[in-house]
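So the structure is just underneath, and the comments pick up after that.
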Amino acid sequence: MSQPATHHNKAAAAFLKNGQRAQWHDETLWFVRAKRDKAAHQIPEWEALRNLGSQIKEHTLSNLDEYLLQFEANAKKNGIKVHWANNAAEHNQIVYEILLHHNAVNVVKSKSMLTEECGLNHYLAERKISVVDTDLGEYIVQLRNEPPSHIVLPAIHLKKEDVSNTFHKHLHTEKNNQDPVYLTRAARQVLRKKFITADAAITGVNFAVAETGGIVVCTNEGNADLGVHANKVHIACMGFEKIIPRAQDLSVFLRLLARSATGQPITTYSSHFHRPKAGQEMHIVLVNNGRTEQLGREAFRNSLKCIRCAACFNTCPVYRRSGGHSYHNSVAGPIGSILAPNLDMRKNADLPFASTLCGSCTNVCPVKINIHEQLWSWRQVLMAEGYGGSAKKASMKLMTGVLSKPAVYRLSTGMARFFMRYLPFLVNNRLNPWYKQRDMPSAPKESFKDWYKKNRNHE
Amino acid sequence: MKVGLFIPCYVDQFYPQVAVATLELLERYGCEVHYPLKQTCCGQPMANSGFASMAGGCDKNFIANFSGYEYIVCPSGSCALHIKEHLHSAEEPNAAATIRERIYELTEFITDVLKLEGVKASFPHKVGLHVSCHGQRMLHLSSMSEKVEKPFSKAEALLSTVDGLELFRTSRADECCGFGGTFCVTEEAVSVSMGNTRIKEHLANGVHYITGGDMSCLMHLEGLLKRQKIDIKVIHLAEILNTQ
Amino acid sequence: MSNSRENILAAINANKPAPVELPEIPLFERKGDLVNVFIGALEFIGATSVKVTSLSEVDEYLESLQQAGTRLVNTIAELNGYNINAYKKANASELEALDTAFIKGRVGVAENGAIWVSESDMVNRLFPFICRKLVLVINAKDIVYNMHEAYRRIQVDEDGYGTFIAGPSKTADIEQSLVVGAHGPLELKVFIVS
């Protein structure tokens, strides 16, 4: 059994210690959210599109096995080799065997959260296969030996001076040259060589179309295409929930995806791969890794509708102030907090509590996942499964015991005292986190109940 | 019109003036208001902590206190929402369902049931409105910036009829203040940071008061304001609407 | 893995929700001057566009590049200097020095500036990505309002590969500062032929 990770609240507090940096992080992501709002408001049928996106995904989930079979049959007809992996280990092994078969030791990879989820880079590195992440943000964090902190903006926790130092160290760029254009061009030079000299390309998948047996990969940088087209082997890795029924469904998702993610009307490239080019081999790995279990959890299954736009990250006031690493999961933010407990309840029991349940996530979500309700529901499941600790449970029991019995409640000799003792946020104790940076409300001379008895009692 | 007054437990204890204002306001508008004396807590703190399973006693007590009223009115979107979404009873399912239908947040009740288009109140001050998330996004008391919808706000509509009141909007008009129930202590650092962002935006507007429909958000902001000795007061909407 | 396929399918079958209907997708049609909306969208995404009335204007541009010594590939047979044979079989390292590629766009989307480019038109899948400057030529009558119409016009699997291209490659991965020209072209120029 896994151990709990560093609790989100501790990691968040550490993140907030650097006040200026944290404020920059918050404001920058809020700016992305504002761009998203502007983009959405330019589409009068935005809410109708969200409904369509949600319905298409719900329909797909309700016919998932049939669509996967349809996809497999059509992909095979297209000359694509289809593989099925029940878990991360199988996924990694499949990818490794394909690479081994082609004697591939240098691999370029475009963004794939699934391979992050499966720990593919590490697995392949142990087997002497080098994987270069070619998305600029991912390349930066890879050089720093860090995981991405955001699924769309992997290096959003870093400032340009960090990137400048990292590139100076690894790419020998000019010391202290922090110009984003200079740094981007430097990476371009290095990565162009990697694309050309690699032995194989790995990509993620944004959508897989059942009726045509092809996949769609969206990037702004062109890194997925350059990698795939320059190489003889293309391996596309996808969680099986990326499947959609029809090519025309793409029209809905491509209108929603980039607008929700960055406020762009569409990503620069929305590439449709249906058949390998002459002399190329194309593989698709369909991965489960707990998704069938999530599908069976009625309250949580529609988290599988997610199209990984990260709009819920950008809007979440907690994410913006705690950074992606505080979520200790390949997918951070609100969506990560409802996906992670399915993978490992003990390790991720803190994540559904890293939210005020403000509901903004649910309302930006382009496929209408009821994220905040699922956060609430996970809390119930996690406490019922005993991941809250016995002390928490005992204090809750005592509190509910008193609150259920008006007589006992009244007898608690002055409600104020009761509240000060038991209502978690009002514990009148200088060790109480409330008191660290906030004053306590001042106690009035009488409660409303007492006032009412004197002034209005009809009983 | 027989109204049961549901006062959140912490309001009863710490902000009785908000409960008094709510009661007087409803009486002024011709409601026959009762405050059932055996009410305690709606159970939200337990439920949001993951212990909804323990809220049965609270539910039972709530049903015993509030069955039979035509309307139940509460000066808190958050507590009203909890009842609307989570009040259940295996023994008395119908009573629970009836209460879920009859519970109203105060501004919603004034706007949708009493159908008042304005109030006779006077509050000649610069005021910032804090939009509480549960009221806004779950009870739909106002439009939200996430959605492409026609802008509206029940609270702003009422405040706009208050004499002398000058209302200021903040740039992130509907960002959460970071209270979040037990979140405010379990995630103290983030909670405080969120509250401070709200305060900073209100300060930039030069307001003297921050008002809102949920005293819990305001209590959190008040704690920060007082500690930082910032000269902005918090005041519940009911108190403003009840000024004469 | 041998059993994984069956295990996954069985688990899905056991766990999937009750049937939900697949919705029809409306066109969400919008009338108006699509060419101008398209031009505005191109500008927004960092592309330049030129309205022309005949291909000879594109020819002139192409010739001016040739005279300046630009290494270019022209995959459009209707233009002068059609030269795919020089590059058709070239590999990535040989193509790395390519400056400019001229390729036909099939369908343009006014709302977002995206242009569908299919493999048979690009000849080599690398051309639109490895060049420094991409020139797309599209007929004004092939501009539709939105993606719903676009997908009705194209057949996504007609060729083995096709892509919507919307502007030059770009990134904002360093402090959210927009940098045009990431790994793909640094520039996109669109000729709209009416």
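The values are calculated or read from the model by the stated rules, or taken from the named source; none is laboratory data. Quantities reported herein were computed from a predicted structural model and do not represent experimental measurements. A quick note on method: Cβ atoms are made from the backbone with ideal geometry, for glycine too, and the neighbour counts reach across all protein chains shown.
Looking across region A:204-263, the residues that are of a type in the set (V, I, T) and under 29 Å from A:H102 (Cα atoms) come down to A:V205, A:V209, A:T212, A:I215, A:V216, A:V217, A:T219, A:V228, A:V233, A:I235, A:I243.
Candidates are the residues of region B:88-105 that are modelled with pLDDT under 95 and either surrounded by 22 or more Cβ atoms within 10 Å (Cβ to Cβ) or small (G, A, S) (or both); the one that is nearest to B:L158 (Cα to Cα) is B:S89.
When region B:213-222 is filtered for residues that are in contact (Cβ under 8 Å) with a residue 24 or more places away in the chain and either surrounded by fewer than 24 Cβ atoms within 10 Å (Cβ to Cβ) or at the interface with chain A (Cβ under 8 Å from one of its Cβ atoms) (or both), the ones remaining, listed by number, are B:M219, B:H220.
Once region A:252-307 is narrowed to residues that are among the basic types (K, R) and farther than 25 Å from A:A200 by Cα, the residue that is nearest to the chain's Cα centre (by Cα) is A:K305.
Selection over region A:69-92 of residues that are assigned to a helix (DSSP H, G or I) and under 22 Å from A:S251 (Cβ atoms) gives a count of 4. Taken over region A:43-53, the criterion of being surrounded by fewer than 21 Cβ atoms within 10 Å (Cβ to Cβ) and touching a residue at least 60 places away in the same chain (Cβ under 8 Å) is satisfied by A:I43, A:N51.
The sole residue among C:S64, C:S49 that is more than 13 Å from every other protein chain (Cβ to nearest Cβ) and assigned to a strand (DSSP E or B) is C:S49. Scanning region C:15-33 for residues that are facing chain A (nearest Cβ under 7 Å) and without any contact (Cβ under 8 Å) to a residue 40 or more places away in the chain turns up C:N15, C:K16, C:P17, C:A18, C:P19, C:V20, C:E21, C:L22, C:P23. The number of residues in region A:358-383 being touching a Phe, Trp or Tyr at 6+ places or on another chain (Cβ under 6 Å), closer than 23 Å to A:A40 by Cβ and either outside any helix (DSSP H, G or I) or within 9 Å of chain B (Cβ to nearest Cβ) (or both) comes to 0. The helices (runs of 4 or more DSSP H) found wholly in region A:108-188 include none carrying at least 3 residues that are on the phi < 0 side of the Ramachandran plot, touching a helix residue (DSSP H, G or I) at 6+ places or on another chain (Cβ under 6 Å) and away from chain C (no Cβ under 14 Å).
You will find that of A:D26, A:D37, the residue that is assigned to a helix (DSSP H, G or I), more than 7 Å from every other protein chain (Cβ to nearest Cβ) and under 19 Å from C:Q176 (Cβ atoms) is A:D26 and no other. Considering only region A:189-211, state which residues are crowded, with 22+ Cβ neighbours inside 10 Å, within 21 Å of A:P276 (Cα to Cα) and within 9 Å of chain C (Cβ to nearest Cβ). Within region A:189-211, A:F195, A:V209 meet the criteria. Whenever a residue of region A:293-314 is more than 11 Å from chain C (Cβ to nearest Cβ), its partners that are small (G, A, S), lying with C-beta atoms within less than 6 angstrom and at least six residues away or across chains, give the pairs A:A299/A:S377; A:C309/A:S260; A:C309/A:A261; A:A310/A:A261; A:A311/A:S260; A:C312/A:G333; A:F313/A:G333.
Taking the stated definitions as given, is A:A247 under 27 Å from the mean Cα position of the chain (by Cα), surrounded by fewer than 24 Cβ atoms within 10 Å (Cβ to Cβ) and modelled with pLDDT of 95 or more? Explain how you work it out, then say what you get.
On the way: under 27 Å from the mean Cα position of the chain (by Cα): yes; surrounded by fewer than 24 Cβ atoms within 10 Å (Cβ to Cβ): yes; modelled with pLDDT of 95 or more: yes.
Here the answer is yes, as A:A247 does meet what is asked.
Hey, could you check region A:265-282 for residues that are surrounded by fewer than 22 Cβ atoms within 10 Å (Cβ to Cβ) and out of contact with any Asp or Glu (no Cβ under 9 Å at 6 or more places or on another chain) and say which is farthest from the other protein chains (Cβ to nearest Cβ)? The extreme case among them is A:E281. If you check A:D37 against the conditions, is it among the acidic types (D, E) and closer than 30 Å to B:E188 by Cα? Yes, satisfied. Selection of region C:85-117 for residues being assigned to a strand (DSSP E or B) and among the polar types (S, T, N, Q) yields only C:T100.
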